[in-house]
Structure formats: structure tokens, C-alpha cells
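The values are calculated or read from the model by the stated rules, or taken from the named source; none is laboratory data. Computed from a predicted structure; not experimentally measured. Heads up, the Cβs are rebuilt from the backbone with ideal geometry, glycines too, and the neighbour counts pull from every protein chain shown. The area values use the complete protein model at the heavy-atom level, side chains included, leaving out ligands, DNA and RNA. Shrake-Rupley method; radii C 1.70, N 1.55, O 1.52, S 1.80 Å.
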Amino acid sequence: MTTEKVDVLVIGAGPSGTVAASIIHQAGYSVKIVEKLKFPRFVIGESLLPRSMEALEEAGFIDAIKAKGFQEKYGAKFVKGNSVCDFTFKEQHTPGWNWTWQVTRADFDKTLADTVEAMGVPVSYETTVTAIRFDGSDSVTTVEDIHGNKSEIAARFIVDGSGYGRVIPRLFNLEKNSNLQPRKALFAHTVDARRSMADEPNRITAVVHKPGTWIWIIPFSTGVTSVGFVSDPSFFDAYPGTPEQQYRAMLEAEPYTRERFRDVELVFEPRILESWSATTDKFYGEGFVLTGNVTEFLDPIFSSGVTLACVSAQTAAKLVIRKLKGEAVDWEKEYMEPTMQGVNTFRSYVMAWYEGTLDKIFFSAEQRSEVKNQICSVLAGYVWDMSNPFVQHHDTALKRLARTIELTQIIKQDQ
């Protein structure tokens, strides 16, 4: 077998892999990306968050993304019956980006991969990692292309941004179950001919359909809108038939989607995604670091996936550069802990969403602007801003606020 030598091997050409590859390459190191699939390829995670823009900017991707004409996104809207809670990123607590994009991920991810390749980073598509041998921090990775040809890549360090592929966790038995309840999504892209019936397209809408069941509505600049139902798997058993028959019956059952999406043309047959939550004990080891969904994927609500992917890659890339320079890196303090800070903050909000805690907050008749702006910062992805009490105390602040709202309502009713 032939053996190629590089400073850094990146596994996966999605946002996490390409952000890491670009930043390391810009520092003057040789980088190679291997990707199991052929691009463009479909993946969900279509609504970005403003915090991801900082990583995309440092990677040098912003101009290329702008040129694609994706739908700009300025906020997020939550709907429950006749109640609406609208967040505008310009009103967030944390200084930073106040807009981002809603994207078809096939086009978005290919744009990032093409851009990093144009920078001088080779990308080998349809190439599968079959084995990795470590000798300290040095490694030799065996890969196999679509024709069955095997070769080796010798690297001083590996960044695993393989997403759902979870290459290193699976090869080295590092996987463990997430503490989140298993959920299922049924979704499709729709030709949104009645979009004029809806509010502005420059935000994602999350509709509370039933307790524990919600709908995402993500308009794209092409006139296509992504619509998906997320719930406990048992919810879908109430709808017989094919995935398309199930999907159309669900759209009809929700007043918010009934008229707009009745008899809507589908770009593809509805697809199913389930049991997506997974994690691992360690996000790093001697000679490798895990980024993006390889660390932990939580849930589609709050669109945290791409942000965690980009920011973890941004952080990891800088630490890899220092490692290659011979500097000491405390991976636990400098990578594991801040990454878990972001993951755990989002996890608290995911759990509060499904438990109904956020219903009480979002749809309260009285909302303090300061509190709403602080929560807005979390929804914008600024989950590392410890000046925000809803980040610093993410595990308790929402419950305290919901309880205060309940007590206030009780007092008013008694007066």
C-alpha cells in the first residue's frame, strides 16, 4: 500500500471537518480530508445560529457562503395555538453576530468543502477509514476508496469530524448512550407555494403541536421550505400508511400548517431520522480530538448541531496548532470542559423544551425584555457567555423563572 504523509488528517468534510482543516491549513500545516460519502449529500441541520458565524469567518468561508444566496435568518419564532413568542437576534444579551443563514445542507456543506479544497487542502471523497494505528500522537490510518483500493495516511494528529459516522468512537469502542430520551423525526422539503400566508421567512418557526411533539418550519431562499415533525416514536404510530400519508395527515392535524401545506408538492418522499442522541466519555486522546456531532448530538430543537460542530472545530484547531508547535496543551481544561459547557447548556434547554418548562416562559403574558434578551443569546448559540445568568446557571435558571411565572399567575388569580 502507498503511504501519504501529512501533519493532520481530518475525517469528515462537513462543517466541523472543513472549519478545522481551514484553520490548521492557514497556520502553515499540511492537512488532508477523507470523506466517506460523495458530495453533495443530504443531511439535516438546516438552520444555523449566529455564533457559528464567528467560526465560519475565521475559517475564511463567509464570502463563499454569501455568494450562494442562502436565506438570511434574523431570529426564531415559537408558536403554540394562538400564542407566539418571537426572538430577534438583534436584541440578544451577548455582543456578536445578530444574523445567520437557513441553508440546504447539501449545498452549504459542498460550498465549505469546495472552498477549503480551493485553499489547497485535498479532499478524498467516497473514502472510508477502516483502521487506525497510534504510536504516541503519531498515527497511520488505513483507508479504502469506492473501488476497493487501500492506502495509508501517516499523520502527526487526527481531527475526527465524521459526524454521525463517529469513526474513532466506533473503532475504539468509546461510544455511550446519551441521557436524552430517544426521539424520532419525519420530515420533507416542500414547495412552499403559499408562503405568503406565513410570517416573514427570515426565521425558523417551531410549532408546539402537542406536549412533547413539535414541528420545524425552515424557509429557504429557493421557495422550498423544510418541515419536520419531532416526537416520541410512539406518536407516529397513530398515523397509518406510508411515510407520505403519515406526513400529510400530520400537516392536516395541526392548525398552523393545515392551510399552508395542504396538498403541498414534496421535493422528496418524507424521510425518517431517529435515535440520534449519542455521546462518548472523552472528546480527545493522545493523537486525536473529536469535534462536532462526534462528541455529542443532542436534538434538532434550537438548531445546536452546526454551531457545536463549528465552534468545537474552531477551538480544537487552535489547540492542534499549538500541539504541533510543541506547546503543552491541557485538553481537559482547554477543550473538554468548554465543549461540555456548550453541550450541557443546550442540553438544559432541550430538556426544558420537552418538559414544558419553556412553554411557560415563552408563552407567558408578561415578559421582561432583559430576561428575554438573555434567553435570546442562548438561542443565538452564545452558550459560552458566562455573563449571562441563563448560561451560567443553565441547569436551574429556567426552572426558577418558570416557577416565578406560575406563582405570579396564581397571585393575580387570587386578587
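Values computed for the structure shown
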quantity: Members of region 170-199 found to be more than 30 Å from residue 282 (Cα to Cα) and within 23 Å of the chain's Cα centre (by Cα), listed by number; calculated: 186, 187, 188, 189, 190
quantity: Conditions (1) under 30 Å from residue 234 (Cβ atoms); (2) open to solvent by less than 50 Å² (accessible area, probe 1.4 Å); (3) among the charged types (D, E, K, R): number failed by residue 195; calculated: (1)
quantity: Out of 182, 169, sole residue that is in contact with a Ser or Thr (Cβ under 7 Å, 6 or more places away or on another chain), buried (at least 19 other Cβ atoms within 10 Å of the Cβ) and over 28 Å from residue 74 (Cα atoms); calculated: 169
quantity: Residue among 244, 269 that alone is acidic (Asp, Glu) and not in a helix (DSSP H, G or I); calculated: 269
quantity: Residues of region 74-123 classified as in a strand (DSSP E or B), of a type in the set (Val, Ile, Thr) and either open to solvent by 60 Å² or more (accessible area, probe 1.4 Å) or in contact with a Leu (Cβ under 7 Å, 6 or more places away or on another chain) (or both), total; calculated: 2
quantity: In region 201-219, residue most open to solvent (accessible area, probe 1.4 Å) [restricted to those that are touching a residue at least 40 places away in the same chain (Cβ under 8 Å) and not hydrophobic (A, V, I, L, M, F, W, C)]; calculated: 211
quantity: Filter result (exposed (fewer than 15 other Cβ atoms within 10 Å of the Cβ) and more than 29 Å from the chain's Cα centre (by Cα)) within region 124-139; calculated: 133, 135, 136, 138
quantity: Qualifying helices (runs of 4 or more DSSP H) (wholly inside region 1-71; at least 1 residues being surrounded by 24 or more Cβ atoms within 10 Å (Cβ to Cβ) and out of contact with any strand residue (DSSP E or B) (no Cβ under 7 Å at 6 or more places or on another chain)); calculated: 15-26, 50-58
quantity: Among (1) within 19 Å of residue 205 (Cα to Cα); (2) open to solvent by 10 Å² or more (accessible area, probe 1.4 Å); (3) part of a helix (DSSP H, G or I) - the single one residue 222 does not satisfy; calculated: (3)
quantity: Verdict on residue 387 being over 21 Å from residue 45 (Cβ atoms), surrounded by fewer than 17 Cβ atoms within 10 Å (Cβ to Cβ) and touching a residue at least 12 places away in the same chain (Cβ under 8 Å); calculated: yes
quantity: Region 174-186 residues that are in contact (Cβ under 8 Å) with a residue 40 or more places away in the chain, paired with ones that are among the aromatic types (Phe, Trp, Tyr) and not in a loop (DSSP other than H, G, I, E, B) (beta carbon under 7 Å, 6 or more apart); calculated: 184/236; 185/229; 186/229; 186/236; 186/247
quantity: Residues being farther than 20 Å from residue 283 by Cβ and either aliphatic (A, V, I, L, M) or touching a Ser or Thr at 6+ places or on another chain (Cβ under 8 Å) (or both) - total across region 35-50; calculated: 10
quantity: Pairs, first farther than 17 Å from residue 389 by Cβ in region 338-350, second part of a helix (DSSP H, G or I) and open to solvent by 30 Å² or more (accessible area, probe 1.4 Å), C-beta under 9 Å, six or more apart; calculated: 338/315; 339/315
quantity: Those residues of region 247-263 which are surrounded by fewer than 19 Cβ atoms within 10 Å (Cβ to Cβ) and either on the phi > 0 side of the Ramachandran plot or in contact with a helix residue (DSSP H, G or I) (Cβ under 8 Å, 6 or more places away or on another chain) (or both), in sequence order; calculated: 252, 258, 259, 262, 263
quantity: Selection count, region 145-182, where residues are more than 16 Å from residue 17 (Cα to Cα) and assigned to a strand (DSSP E or B); calculated: 10
quantity: Single unsatisfied condition, residue 196 versus (1) closer than 30 Å to residue 79 by Cα; (2) touching a strand residue (DSSP E or B) at 6+ places or on another chain (Cβ under 8 Å); (3) of a type outside the set (Val, Ile, Thr); (4) modelled with pLDDT under 95; calculated: (2)
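To keep it simple, each residue is scored yes or no on (1) in contact with a Ser or Thr (Cβ under 6 Å, 6 or more places away or on another chain); (2) open to solvent by 20 Å² or more (accessible area, probe 1.4 Å); (3) under 24 Å from residue 212 (Cα atoms).
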| site | (1), (2), (3) |
| --- | --- |
| 328 | no, yes, no |
| 334 | no, yes, no |
| 351 | no, yes, yes |
| 355 | no, yes, yes |
| 363 | yes, yes, yes |
